[in-house]
Amino acid sequence: MSKGKIPPNFNVHILNNIVLKIKIMRKNLLLSAAICCIAAASFATTHTITASGTSFSPSSGVTVHLGDTVKWVLAGGSHTSTSTSVPSGAATWNQTLSSTPFIYVPSVVGAYAYQCNFHASMGMTGTFTVIGSTGATTVPAPASLFSMFPNPAAQTVRLNFVQQGPVSVMLTDMNGKIFLNKDFASSADAIIDVKNVPAGIYVVAAKQGGDEYKQQLQVTH
């Protein structure tokens, strides 16, 4: 090629370079988007509550987003973290605190209240409020599917459902240990036998159709 002459395929070379640069920019944008998503997921916060003496710290004013974790740490003494009021559809808890922190991940927005069973009469109570995640759409909790009677119970518990039809019922303790997992062909037949279940606080979870609802049950003997 003589000096000063433009090759006939000059525009093709330019076009190919442009296409290559666009592909590289596209890959970089996709990589940046993936990094942003990972970073956003890592922004979930752990809210630490310390139990010591006759108080929780902080005992109020705690705002939690969906996806955050609430953690109770034992700093001294003997204490529990026991829910006394939770939003409809939220899981209750009753945990004796130890050297291993107790964690709870709220799944329903609303106000939560708890206490230390040993020192509630001395004012050892606490609250926190759960709000929706930033930019996320909050899905309302399902309405109550059932009521229980009697509660507390020593022998059997009957579940009274709003809707009729098949239902699955699970009974677990506050640590997740399963004591009953049974399918009922008719919700009218949903009766739980707790005669052989140790006294304590349990969670009754019922699934009916696409809905699930939990309630706290106290077993006494």
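Structure data summary
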{"quantity": "Options V73, V108, V64; residue that is of a type in the set (A, V, I, L, M), out of contact with any Ser or Thr (no Cβ under 6 Å at 6 or more places or on another chain) and assigned to a strand (DSSP E or B)", "calculated": "V64"}
{"quantity": "Sole residue being under 20 Å from Q216 (Cβ atoms), modelled with pLDDT of 85 or more and of a type in the set (G, A, S), chosen from S186, S168, S147", "calculated": "S168"}
{"quantity": "Total residues in the range 160-180, condition within 27 Å of S81 (Cβ to Cβ) and more than 21 Å from the chain's Cα centre (by Cα)", "calculated": "2"}
{"quantity": "Sole exception among (1) at pLDDT 90 or above; (2) out of contact with any Phe, Trp or Tyr (no Cβ under 7 Å at 6 or more places or on another chain) for A120, by number", "calculated": "(1)"}
{"quantity": "K195 of a type in the set (K, R) and without any contact (Cβ under 8 Å) to a residue 40 or more places away in the chain", "calculated": "no"}
{"quantity": "Some residue of the range 202-220 being surrounded by fewer than 13 Cβ atoms within 10 Å (Cβ to Cβ), among the polar types (S, T, N, Q) and free of Cβ contacts under 8 Å to residues at least 40 places away in the same chain", "calculated": "no"}
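The values are calculated or read from the model by the stated rules, or taken from the named source; none is laboratory data. The structure presented is a predicted model; accordingly, all values stated were derived computationally and were not measured. Every residue, glycine among them, receives a Cβ derived from its backbone with ideal geometry; neighbour counts consider all protein chains shown.
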